[in-house]
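What follows is one structure encoded as structure tokens, with my remarks underneath.
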Amino acid sequence: MAPTLAVFKLASCDGCQLTLLDCEDELLALTGVVEIAHFLEATSAVAPGPYDLSLVEGSVTTAEDAERIRAIRAASRHLVTIGACATAGGIQALRNFADVDEYRRVVYAHPEYVETLATSTPVSAHVDVDFELRGCPIDRRQLIEVITAFLAGRKPDIPDHSVCFECKRRGTVCVTVAHGTPCLGPVTHAGCGALCPAYHRGCFGCFGPSGSVNLPALIPLLRRDGLDEDDVERFLHTFNAAAFEKFEKELET
């Protein structure tokens, strides 16, 4: 019997699921060796669990999300979270630094109809996760590596070094050194192929913190390159705000 693959969505934009669909040729090959049992972005046909591998996109932002992820975990032999929302709470985790009730009053004509939690949290805050694949959106090559690794019973070969390594590998001149451009590459997880620096832009931290974050060394460089304290905070509070927050707190101690 072929192993079963399931893909689920919580609070997200669907971009990471679309990355799987964009794999095209690789996805066709994958369907020849696995049964795609649940993937509503691709098909309405659904097979019941348990599932050998479940991919989960999106953060937990409602009580219903929290209940669903517990059920998904119970039905999954392996659970992998994909994307910044599922691994770090996503850009919607900006609510964690504000008054969510005030947001509801300002945005919605009838806020009493909107049920939401005060925070947006990663899946790992609610259930055990076997692997976290970072990115906003995720990288298709890394996604295929993770899927094939779990199906083969081995550890995914996903490095945890910074974007700076990727700049060196592709021969991209450092935008900070050469042009004084503020860049989060030194503290951001590799995986994008150093896309922004290749186009002379600083890294925005789409893939979240790397395995060796050193904000005390980076922040003076950001200030040297023109960012004040508020600018630095905004720079860190985008796709992976909640993930970078713990490193910011270390600066305060």
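One way to sum up the overall shape of the stretch 85-155 is the equivalent ellipsoid from its Cα gyration tensor, whose semi-axes run 34, 12, 10 Å, largest first.
Of Phe150, Leu18, Ala243, which is farthest towards the positive pole of the chain's charge dipole, taken about the Cα centre with +1 and -1 on the beta-carbons of Lys, Arg and Asp, Glu respectively? About the Cα centre, the residue reaching furthest to the positive side is Phe150. In a fully extended conformation the segment linking His110 and Val33 would gain 22.9 nm over its present Cα-Cα distance, using 0.36 nm per residue. DSSP beta bridges confined to the chain are antiparallel in about 20 percent of cases. For the chain, the 222 nm mean residue ellipticity estimated from helices alone, with every DSSP H stretch of n ≥ 4 adding -39500 (n - 2.57) and the total spread over all residues, rounds to -10500 deg cm²/dmol. Spatial offset of the stretch 38-113 relative to the stretch 174-253 amounts to 26 Å, using the alpha carbon center of each. Distances between placed amide hydrogens fall under 5 Å for Glu57 paired with Phe8, Lys9, Leu10, Ile82, all partners being 5 or more residues away or on another chain. Backbone amide hydrogens, once placed in the peptide plane, bring Gly205 within less than 5 Å of Leu184, excluding anything fewer than 5 places away on its chain.
Let's test the formula: R0 of 41 Å, r as the Cβ-Cβ distance of Arg141 and Ala45. What FRET efficiency results, to the nearest 0.05? Display every interim value, and only then the final one.
Numbers: r = 27 Å, r/R0 = 0.67.
Between Arg141 and Ala45 the formula returns 0.90.
Between Glu67 and Asp101, take the C-beta separation as r, use R0 = 25 Å, and let me know the FRET efficiency to the nearest 0.05. After rounding to 0.05, the efficiency reads 0.70. Please list, in order along the stretch 201-207, the HN-Hα scalar couplings obtained from phi with the Karplus expression 6.51 cos²θ - 1.76 cosθ + 1.60 (θ = phi - 60°), rounded to whole Hz, x for Gly and Pro. Rounded to whole hertz, the list is 10, x, 5, 9, x, 4, 9. Along the stretch 30-39 the Karplus relation, 6.51 cos²θ - 1.76 cosθ + 1.60 evaluated at θ = phi - 60°, assigns HN-Hα couplings of 5, 5, x, 10, 10, 9, 7, 8, 8, 7 Hz to successive residues, with x for each Gly and Pro. Here the peptides 81-90, 101-110, 122-131 are ranked by packing, the mean other Cβ count within 10 Å, and the order with the highest first is 81-90, 122-131, 101-110.
The value given for the chain is a Kirkwood hydrodynamic radius of 19.3 Å, derived from the mean inverse Cα-Cα separation. Distances between every pair of Cα atoms in the stretch 4-152, grouped in 5 Å steps from 0 to the bin holding the largest one, split as 2, 10, 19, 21, 19, 12, 8, 5, 3, 1, 0 percent. If R0 is 51 Å, the Cβ-Cβ spacing of Ala178 and Arg77 corresponds to a FRET efficiency of close to 0.60.
Bear in mind these aren't lab numbers, they're just calculated from the coordinates by the rules spelled out. Worth saying up front: this structure is predicted, and the values here are computed from it rather than measured. We place every Cβ from the backbone using ideal geometry, glycine too, and count neighbours over all the protein chains shown.
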